[in-house]
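Chemist: To start, I am sharing the structure in question, which I have written as C-alpha cells.
No lab work stands behind these numbers, since they all come straight from the coordinates. Nothing here was measured: the structure is a model prediction, and the numbers come from that model.
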Amino acid sequence: MFEYQTPGILQLISRTGSYSAPEEASTAVNKLDRFPSRPNHCLGVTVSIDNCRLFIGGLPKDKHREEIFDEISRVTEGVVDVICYPGIADKSKSQGFAFVEYESH
C-alpha cells in the first residue's frame, strides 16, 4: 500500500489502481489525510497537481540555462522554459540539475 520514492516522500499506491473520477480521489484524500500511520505520526494527503515539469539531474555544472534550453529543445518538442538554480558556493555555476517545463504532456 505504501511505496517509498525518496527520503521523506511516501506515495500511496491504491490496491485497486488509479481513481477514475475526481470524486473518488477526493473521498480517498478526505479519509486518509491525517490518518495515523505510526505512533505520533499522521499521513498528509493531498491531490497531486498535474504539471508539465520534468526534472533532469547530472548536468554539467558549467552549463547555463540557455545552453540546456537549446539542447533539450533540439531533442524534444514543446519546451517552454528551463529552470536552473545557481551553485551554493560558486554562483557562476549551476547545481547540476534543471527543471524543464513543457507545453503539455
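Chemist: Tell me, what ³J(HN,Hα) does each residue in the stretch 63-72 have, in order and in whole Hz, if you take phi through Karplus 6.51 cos²θ - 1.76 cosθ + 1.60 with θ = phi - 60° and put x for Gly and Pro?
Modeler: Once rounded to whole Hz, the list reads 8, 9, 3, 4, 5, 5, 4, 4, 5, 5.
Chemist: Output wanted: per-residue J couplings in Hz (rounded whole) for the stretch 90-104, from phi through Karplus 6.51 cos²θ - 1.76 cosθ + 1.60, θ = phi - 60°, x for Gly and Pro.
Modeler: 10, 5, 7, 10, 8, 8, x, 8, 8, 10, 9, 9, 10, 4, 7
Chemist: Work out from phi, with θ = phi - 60° and the Karplus expression 6.51 cos²θ - 1.76 cosθ + 1.60, the ³J(HN,Hα) of each residue of the stretch 82-88, listed in order in whole Hz, and give x for Gly and Pro.
Modeler: 10, 10, 10, 10, x, x, 6
Chemist: Could you pull out every residue, at least 5 positions away or on a different chain, whose amide H is within less than 5 Å of the one on S37? Hs are placed 1.01 Å off N in the peptide plane, and Pro or chain starts have none.
Modeler: C42, L43
Chemist: Cross-link partners among lysines for K91, C-alpha distance below 28 Å, same-chain residues fewer than 8 apart left out?
Modeler: By straight Cα distance, K91 reaches K61, K63.
Chemist: Related question: Checking the cross-link filter: which aspartates and glutamates have an alpha carbon closer than 19 Å to that of K31, excluding same-chain neighbours under 8 positions apart?
Modeler: K31 reaches E3, E23.
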